[in-house]
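Input: a single structure, listed below in structure tokens.
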Amino acid sequence: MSTVVAAVPLPAAGWVRRTDVVVVGSGAAGLMTAVALADAGRRVTLVTKGALGAGSTAWAQGGLAAVLGSDDDADLHVADTLVAGAGLCDEDAVRTLVEEAPAAVALLQELGARLDPGPDGRPALTREGGHSRDRIVHAGGDASGAEVTRTLSGALRTRGVEVLEHTAALEALRTADGAVAGLRVARVDGGGALVDAGDLLARAVVLATGGYGHVYAATSAPAGATGDGLALALRAGVEVADVEMVQFHPTVLWTGPGATGQQVLVSEAVRGEGAVLVDGSGRRIMPGAHPLADLAPRDVVSATIAAHLRATGAEHVWLDATTLGADFVARRFPGIVRACRAAGFDLTREPVPVAPAAHYTCGGVLADLDGRTSVEGLFAVGEVACTGVHGANRLASNSITEGLVAARRCAALLAADLPGGGEPVEAGPVAAIEPTRRAAIAAATSRNAGVVRDADGLTRLAAGLAVVPWCPADRPLDLAALETTALHTVATLLATAALARTESRGAHRRSDAPGTRPEWEVRLVHRIDRTGHVHTRRQPVRSLVAAGSVA
């Protein structure tokens with residue numbers, strides 16, 4: 001396998017600031033971490049590549065999963081999560097998430113979140129795929145993520161946390177013994193150039209940078225989901241795991257065969273309310289594929305759609321919500337209705353075309369639910385982290401919940417005790433791949449590592465990625481090169497892991513290895529050495545949960 005880093009100098013630091021903790025990313029996990037740390041009296045600086053709150057959380061439609069109903073209990077939520085995770089969930093991590101989820105939802109409400117109420121005035125509960133009970137709280141019908149972002153961004157501002165918007169995290173600053181002691185960052189100007197670089201020296205760095213949906217040509221993720229945090233962590237010596245477990249959302253609005261970039265998501269909650277998937281003749285496609293039919297786990301629904309498309313030659317299937325009534329659909333899903341109409345479709349009155357697209361990355365930086373990684377001073381929470389909660393396939397609406405729970409636990413850990421810190425040595429070169437290759441990387445990954453994969457396609461993907469178009473060493477590093485390099489890193493690891501895992505499990509489906517094999521109930525864990533070469537090992541699924549919890 002090729003190297004994944006190149007020797008291109010970082011922009012020199014023109015300033016130095018000190019703080020206790022640097023948080024990178026402003027989705028739910030990053031915002032909650034910063035808010036909780038500020039409440040604990042820590043000095044916090046939050047760095048975000050775009051505007052505050054512009055990450056994936058703001059786009060989330062479904063809601064947050066938590067045991068709040070009288071007919072529900074923790075064991076049921078745990079069981080549903082384990083079933084969806086297909087043998088790769090860490091049960092201790094899952095149980096911790098489930099037990100602490102109600103308190104995380106309650107804290108959101110204390111901070112001012114306006115959750116949609118039910119008839120009794122308590123948060124209304126709905127159901128999504130893979131859940132055996134109604135346990136999803138939501139806001140604004142289908143604007144749950146936007147409400148979470150509004151609430152936490154407001155809380156952050158009232159606490160006076162320093163926020164560096166439109167600022168890229170370039171590289172971890174490390175001490176002579178390898179601990180992380182801060183970040184080299186730079187402001188991103190309107191053209192993507194990196195300007196006004198400087199060093200944020202800190203006792204801890206918390207990555208909350210989200211996933212890597214844009215390693216695929218079409219995704220539900222916003223433009224910033226390019227795997228930057230994962231690539232930065234790898235270069236800092238941290239291991240990553242489960243990179244092949246990319247969850248495809250089965251109902252992303254289909255707008256044409258050449259559509260690329262962020263696509264319109266049609267929430268699973270639409271099927272939770274009774275919408276169904278049909279073929280071009282109106283025949284339902286999910287009954288018989290799974291006992292839960294249209295509410296089967298996402299990997300099952302996506303794989304069923306993919307099989308149908310291969311068998312029929314169709315480019316998409318249809319999501320039919322017409323039986324729910326136009327008024328109900330418009331009231332319950334106002335944002336989705338608007339987005340569909342903008343694309344020329346009316347969800348309230350007609351079936352709309354949908355197909356699977358890359359949605360959520362179950363793998364990431366290997367960490368426990370307190371955010372600890374294998375490198376002192378570096379922590380990871382939210383989608384960028386692999387805590388064992390999601391396993392091989394995330395249960396719907398567990399993601400924001402996990403981000404909030406992990407954020408609170410990480411903040412509590414750092415409030416009680418900061419790492420030792422230390423003075424960093426000068427940062428070395430950062431990876432840089434020619435940014436004109438970005439579209440080709442995404443197209444190749446989509447073609448060869450999509451919903452269903454095989455050895456031939458994955459071998460082609462790996463071989464193509466091994467021919468690395470490095471940027472010239474005298475080319476100034478910019479955001480486009482930084483993001484393209486991260487995507488190349490992710491694609492390389494994804495191809496490596498997917499080729500090695502000769503079975504089908506959760507979100508990883510191999511047409512040439514369709515069965516699930518017990519010997520593959522392991523994580524594939526990767527690291528890179530000082531020359532940038534990838535090393536992969538197997539790790540048994542085991543507890544990553546640290547002792548203690550957040551009250």
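Bear in mind these aren't lab numbers, they're just calculated from the coordinates by the rules spelled out. Just so it is clear, the structure is predicted and the values come from calculations on it, not from any experiment. All Cβ positions, even for glycine, are placed from backbone atoms using ideal geometry, and neighbour counts span all protein chains on display.
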Which shape class applies to region 249-357: rounded if a/c is under 1.5, otherwise prolate when a/b exceeds b/c and oblate if not, where a ≥ b ≥ c are the square roots of the Cα gyration tensor eigenvalues?
oblate
Would you mind classifying region 164-266 by shape? Square roots of the alpha carbon gyration tensor eigenvalues, ordered a ≥ b ≥ c; an a/c under 1.5 is rounded, otherwise it is prolate if a/b is larger than b/c and oblate if not.
oblate
Scanning the chain for helices, which whole DSSP H stretches are 24 Å or more long along the axis (Cα) and average 0.5 or more by Kyte-Doolittle?
399-416, 479-500
Taking the structure as given and computing Rg and Dmax of the Cα atoms in Å, which label from [x] 25.2, 80; [y] 22.1, 75; [z] 21.9, 67 fits?
[z]
Would region 187-323 count as rounded, prolate or oblate if I go by the C-alpha gyration tensor, calling it rounded below 1.5 in a/c and otherwise prolate when a/b exceeds b/c, oblate otherwise?
prolate
Evaluate the charge dipole of the chain about its Cα centre and quote only its size in Debye, nearest 20, assuming +1 on the Cβ of each Lys and Arg and -1 on the Cβ of each Asp and Glu.
700 debye
Give me the percent of Cα-Cα pairs in region 85-236 that sit more than 24 Å apart, rounded to a whole number.
55 percent
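Order by neighbour count: ILE136, ILE285, fewest other Cβ atoms within 10 Å first, most last.
If I rank by nearby Cβ atoms, fewest first, I get ILE285, ILE136.
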In order over region 46-57: 3J(HN,Hα) from phi, Karplus 6.51/-1.76/1.60, θ = phi - 60°, whole Hz, x for each Gly or Pro, gives 9, 10, 9, 5, x, 6, 4, x, 8, x, 5, 3
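Could you please rank GLU99, GLU147, placing first whichever residue has the fewest other Cβ atoms within 10 Å of its Cβ?
Least to most surrounded, the residues fall as GLU99, GLU147.
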Least to most buried among ASP72, ASP39, ASP417, by other C-beta atoms within 10 Å and fewest first, runs ASP417, ASP39, ASP72
Evaluate the relative contact order of the chain (contact order divided by residue number), counting alpha-carbon pairs under 8 angstrom at least 6 apart; express in whole percent.
24 percent
